[in-house]
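Reviewing the structure listed below.
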Amino acid sequence: MSAAPPAVPAIEVQGLECAYEERIILKGVTFQVRRGEIFFIIGGSGCGKTTLLRNLVGLEAPVRGTVRFLGRPFTEADSAARREQLKTFGMLFQGGALWSSLTLRENVALPLEEHTALPRAEIDALASLRLAQVGLAGFEGYYPSEISGGMRKRAGLARALALDPAIVFFDEPSAGLDPVTSRNLDDLVRQVRDTFGTTIVTVSHELRSIYALADRLIMLDREAQGIIAEGKPEELAAGSPDPRVREFLTLSPVHGT
Amino acid sequence: MTSAPEPAAARATLQPAGDALDVALAGDWRLAGVQPSWIDLTAGVVLPARVRVTAEAVGTWDSALLLFLAEIAAWCRARSIPYDTSALSERMRVLFEQLEAASAANPALAPHAENFLVTVGNATRHVVGTARASVSFVGEASLAFGQLLRRPRKFRWKDCLDQMQQVGAMALPIVSLISFLIGLTLAYQAAVELRQFGADIYVADLVGLSIVREMGPMMTAVILAGRTGAAFAATIGNMRANEEIDALQTLGISPVSFLALPRLVALGVMMPLLALYANAVGIIGGMIVASGILQIPPSAYWIETKSIVDLHDVTTGLIKATTFGLLIGLAGCLCGLRADRSAAGVGRAATSAVVTSVLLIIVADSLFAIIFNLLHV
Ligand SMILES: Nc1ncnc2c1ncn2[C@@H]1O[C@H](COP(=O)(O)OP(=O)(O)OP(=O)(O)O)[C@@H](O)[C@H]1O
Ligand SMILES: [Mg+2]
């Protein structure tokens, strides 16, 4: 990607303000994510990371501000144009959000059924591959209520990657997973990016993932209601003028990988 | 903790000391135990100039002690009496200060504080929102239906068949029972009156017409409103609470065409069939009463029914039934899609789906009565 001409960023967020009813959660959020970048959103619990993701993908309407994906306006677009753009995204929800009436295989297969003309057999093969990649081989026929929370998370990840999306959003992919599974998922995420040039936006608290994966990150803060730091994790940990940022990024002994 | 002695009762002793009042706490203070009442203790006490609390004889204690201290503090503050907790142990004081700070903290943002105007405003906004959502839902459902006609392969036939099974086949027992009883009751009522005029055979006319034109479709619709409308709202509302609807939207899949359309189609197909079945069972109910108490042979009853009920009556009934079915589906899906993201929200959605569908059914029935009357059918 580095040799590409002055590329349009994958995501451009300009002056975004997010609120529930009258309660403002974030304001003046401005940042860009380059194509093929693994971009982290970090911050304390309740600072609005999930809120930011929901506003980015249009699940909540931002109070003001704009979002552009791959150079095309998203927030101002009409719903048909938005739906077209959404087909090229994947999203993992904090709680997994699997469709409870469908088996894992059907969950992963659904985006393929809806948006491709592939025959049944190929869809099933792809779905099985995705599930195997997240370590769920053998659970294709299970319903979401029959597997553990961490497994739901992984199935959600498989679903988010089903369509080989251009941009994916992960809300805490490794929360609730054991360290080994969590590292395997990190490897998967990197592999996806390296192979397909996917742009990846991740919310995470996992310092190890941050140092292992993040090209750049932004840190949100509840009091500041916005971004308090932006940059590479190592540089921020060492040289951020803001003690909150340094504290967050250096609390764990696992520094680097 | 292993060989804990019998806990001593929590006690507070008031001891006037000059112009001050000493409060000596003693015993074991447990939330689960019985605490003395500060109000009772201070009844009739001369207001002191200062209150001093000591806790030398306190055994084990938990938040019960802190609550008692807070009670003392509040009493003193209300009477502008200084109180002194310096004799308490360090831990007690720290926790007590935390408790005081927490209860003093003004909830800076009280998202649920409401006054009358806010309530009215919110209710109005809710009504406007619901109206707007209904219109856009109907529009979106029509578009989705158009798409179904153009590209039937994309339709979720499996879901639709599942729903038909749920909506139709599974409802047969209750529909049978209720229509049978309705037919029976109608015939009974009619028999009592008509017998006086020797017009026994007209029981068949009365039962036949009212069942086919009115009661069959109506009762089926009311049953399905309770059975199916509520189920749709609860299922979809639960999906909303689990972010499953959000997951559909982020994939660019419309929840209306994915969730609502198969359900609407299932109801639209099954309602007239169920109503037809309800008509038949209702007529049989009437027939049994007629042959039982009026001694009209079933064959005569049947011939009379056939002579009075014509295809017109059946068709109007079925048109009504289909409309009712769509209204139930509409109310159920819409209430589910607009449910609050919580367990209580799902419950409210189910309730409001039933109430809304019954209301819509009755209103639609009246409109049909007027329209059919104008058209003379
Ligand atoms: N549906 C909602 N309605 C109203 N307020 C909400 C809603 N969802 C979240 N909030 C509020 O928005 C703020 C940010 O919540 P959000 O879920 O974005 O936090 P988060 O950064 O994702 O936290 P965590 O790390 O715990 O997941 C919180 O203060 C919360 O009270
Ligand atoms: Mg969150």
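The values are calculated or read from the model by the stated rules, or taken from the named source; none is laboratory data. Fair warning: this is a prediction, and the values are worked out from it, not measured in the lab. All Cβ positions, glycine included, derive from the backbone under ideal geometry; neighbour counts span all protein chains shown. For the accessible areas, the whole protein counts, side chains as well, though only heavy atoms, and no ligand, DNA or RNA atoms are used. Shrake-Rupley method; radii C 1.70, N 1.55, O 1.52, S 1.80 Å.
Structure summary
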{"item": "Kyte-Doolittle mean at least 1.0 and Cα axial length at least 18 Å: DSSP H helices in chain B", "result": "B:63-78, B:172-196, B:261-293, B:311-337, B:343-375"}
{"item": "For region B:315-377 versus region B:229-302, the gap between their alpha-carbon centres in whole angstrom", "result": "11 Å"}
{"item": "DSSP bridge pairs, chain B: antiparallel proportion in percent, nearest 5", "result": "40 percent"}
{"item": "Computed accessible area, A:Ser148, all protein chains, 1.4 angstrom probe, square angstrom", "result": "60 Å²"}
{"item": "Shielding by partners, peptide A:91-101 (average Cβ within 10 angstrom, other chains)", "result": "5"}
{"item": "Distribution of pairwise C-alpha distances over region A:1-160, 10 Å bins, in %", "result": "10, 31, 32, 24, 4"}
{"item": "P(r) of region A:137-234 over all Cα-Cα pairs, binned every 5 Å from zero, in whole percent", "result": "3, 11, 21, 22, 19, 13, 7, 3, 1, 0"}
{"item": "Heavy-atom accessible area ranking, 1.4 Å probe, most first, across A:His205, B:His376, B:His312, A:His115", "result": "B:His376, B:His312, A:His205, A:His115"}
{"item": "For B:Ile328, solvent-accessible area (1.4 Å; no DNA, RNA or ligand), Å²", "result": "0 Å²"}
{"item": "Estimated Rh, region B:147-290: Kirkwood, alpha-carbon pairs, angstrom", "result": "17.2 Å"}
{"item": "Pairs from A:Lys49/B:Lys158; A:Lys49/B:Lys154; A:Lys49/A:Lys87; A:Lys27/A:Lys87; A:Lys27/A:Lys153 whose Cα-Cα separation, in the structure shown, is over 26 Å", "result": "A:Lys49/B:Lys158; A:Lys49/B:Lys154; A:Lys27/A:Lys87; A:Lys27/A:Lys153"}
{"item": "Peptide-level mean, for A:46-59, of C-beta atoms on other protein chains within 10 Å", "result": "1"}
{"item": "Whether region B:325-377 is rounded, prolate or oblate, judged on the alpha carbon gyration tensor where a/c under 1.5 counts as rounded", "result": "prolate"}
{"item": "Cα gyration tensor, chain B - rounded (a/c under 1.5), prolate or oblate", "result": "prolate"}
{"item": "Directionally averaged projected area (convex hull, Cα atoms, region B:11-105), nm²", "result": "5.9 nm²"}
{"item": "Reciprocal of mean inverse Cα separation for region B:1-56 (Kirkwood radius, Å)", "result": "12.7 Å"}
{"item": "Region B:218-377 shape via C-alpha gyration tensor axes, a/c threshold 1.5", "result": "prolate"}
{"item": "Ellipsoid equivalent to region A:4-97 - semi-axes via the Cα gyration tensor, in Å", "result": "21, 16, 15"}
{"item": "Sparse-neighbourhood loop sites, GluC sites (Glu not before Pro) in region A:146-227 - DSSP loop, at most 13 other Cβ within 10 angstrom", "result": "A:Glu223"}
{"item": "Alpha-carbon spread of the protein assembly as shown, three principal axes, descending order, Å", "result": "102, 87, 53"}
{"item": "Convex hull (Cα only) mean projected area of region B:63-158, reported in nm² to one decimal", "result": "14.0 nm²"}
{"item": "Ranked order, B:Trp38, B:Trp302 - accessible area, probe 1.4 Å, largest first", "result": "B:Trp302, B:Trp38"}
{"item": "Sites matching trypsin sites (Lys or Arg not before Pro) across region B:64-96 that sit in DSSP coil, with at most 16 neighbouring C-beta atoms within 10 Å", "result": "B:Arg79"}
{"item": "Spacing of the two label points (7 Å from each Cα toward its C-beta) at B:Ser291 and A:Ala125, in nm", "result": "6.4 nm"}
